[in-house]
Amino acid sequence: MLVDMHLHESTYSSDSKMTLAEIVSDAKAKGLDGVCITDHDSMGLKEVAEAYSKEVDFPIFVGVEYYSLWGDITAFGIDSFPSERIDAQEFIDFVASQGGFCISCHPFRNNNRGLEHHLKDVHGLGGVEVLNGSTSLEANREALRYCNELGLVPIGASDAHWTSQLGKYATYLPEDVRTIPDLVRVLKSGKCRPAIWTEEGYQVVETF
């Protein structure tokens, strides 16, 4: 199963130009099997996305891209998140207390919103975006080095805000999932791998 793990929908992410219908349509056209909506500090789309997912018979998982004091972290498997900015470790602990899964987004992107070298300072992080569609190849390779060193799950995601970006990178899941609990379980299995879109389809990779 191939899932784009980091997408922004226009209702709650003001910098996105994509509607939910456009996301699903383009994801299907590109050969994706599911998508994750991770709006900036919002899970407001959750109920609408759950209903639409059933309507179109296409997995849509809603998490959040939370801006911690040390940088952006996507989280899945939580029902709420802190209304104020807190440090990364505190947020990771909060997600863990609910049985969720945390991923460091674009840790080395040059915009002061990644965990960068703090990846080595936090405990309980589940994965690292080693392929982020809005991040340079050099920064993605640095993320991969840290991910491998720390033994975390490598994640591929487009971080798309418009449809031309959608699906540039994705994550291979070793089984089909339909619910957030199953998504979290499979992510925690450590068997997921990043994938790169090519004209022939997706290529699952160990390095790049």
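Things worth noting here:
- Sorted largest first, extent of the range 138-208 alpha carbons per principal axis (Å): 30, 30, 24
- Cα-based Kirkwood hydrodynamic radius, the range 102-181, one decimal, Å: 13.1
- Most mobile listed residue (Lys54, Lys17, Lys188) in the chain, GNM with C-alpha springs under 10 Å: Lys54
- Comparing Ala143, Ala51, Ala96 in a Gaussian network model of the chain where C-alpha atoms under 10 Å apart are linked, the largest mean-square fluctuation is found at Ala51.
- About the centre of its Cα atoms, the range 65-170 shows a dipole size close to 340 debye [charges on the beta carbon of Lys, Arg (+1) and Asp, Glu (-1) only; nearest 20 debye].
- Per-residue Cβ neighbour rank within 10 angstrom, fewest leading, Thr207, Thr163: Thr207, Thr163
- Most mobile listed residue (Glu50, Glu149, Glu90) in the chain, GNM with C-alpha springs under 10 Å: Glu149
- Within the straight-line cut-off of under 25 Å between alpha carbons, the lysines reachable from Lys191 are Lys28, Lys30, Lys120, Lys168, sequence neighbours fewer than 8 places apart in one chain being disregarded.
- Applied to the range 53-59, the Karplus parametrisation 6.51 cos²θ - 1.76 cosθ + 1.60 on θ = phi - 60° returns per-residue 3J(HN,Hα) values of 4, 5, 4, 9, 6, 9, x Hz, with x for Gly and Pro.
- Here's the picture: charge each Lys and Arg Cβ at +1 and each Asp and Glu Cβ at -1 in the range 1-94, and of Ala88, Ala75, Ile60 the one pushed furthest to the positive end of that dipole is Ile60.
- DSSP beta bridge pairing in the chain, given as percent antiparallel to the nearest 5: 55
- Note that the range 91-108 has calculated 3J(HN,Hα) couplings of 5, 4, 5, 4, 5, 4, 5, 9, x, x, 9, 10, 10, 6, 7, 5, x, 10 Hz, one per residue in order, obtained from phi through the Karplus relation 6.51 cos²θ - 1.76 cosθ + 1.60 (θ = phi - 60°); glycine and proline are x.
- FRET efficiency estimate (nearest 0.05) - Cβ-Cβ, Lys120 to Val204, R0 35 angstrom: 0.85
- This structure gives Cα Rg over 2.2 N^0.38 Å, computed directly, and of [x] 1.15; [y] 1.09; [z] 0.91 that value is listed as [z].
- With both labels modelled 7 Å from their Cα along Cα-to-Cβ, the Ala51 to Leu137 distance reads 4.5 nm.
- Taking amide hydrogens as placed 1.01 Å from N in the peptide plane, the amide H of Asp87 sits under 5 Å from those of Leu69, each at least 5 positions away in sequence or on another chain.
- The charge dipole of the chain, taken about its Cα centre with unit charges on the Cβ of Lys, Arg, Asp and Glu (plus for the first two, minus for the last two), comes to roughly 360 debye.
- Over the chain: helical MRE at 222 nm, DSSP H runs n ≥ 4 each giving -39500 (n - 2.57), nearest 500: -8000 deg cm²/dmol
- Residues listed by number, the range 105-149, amide nitrogen under 20 Å from Trp162 label point at 7 Å toward C-beta: 132-136
No value in this document is a laboratory result; all are computed from the given coordinates. Keep in mind that this is a model prediction, so the values were computed, not measured. Cβ atoms come from the backbone with ideal geometry, glycine included; neighbour counts cover every protein chain shown.
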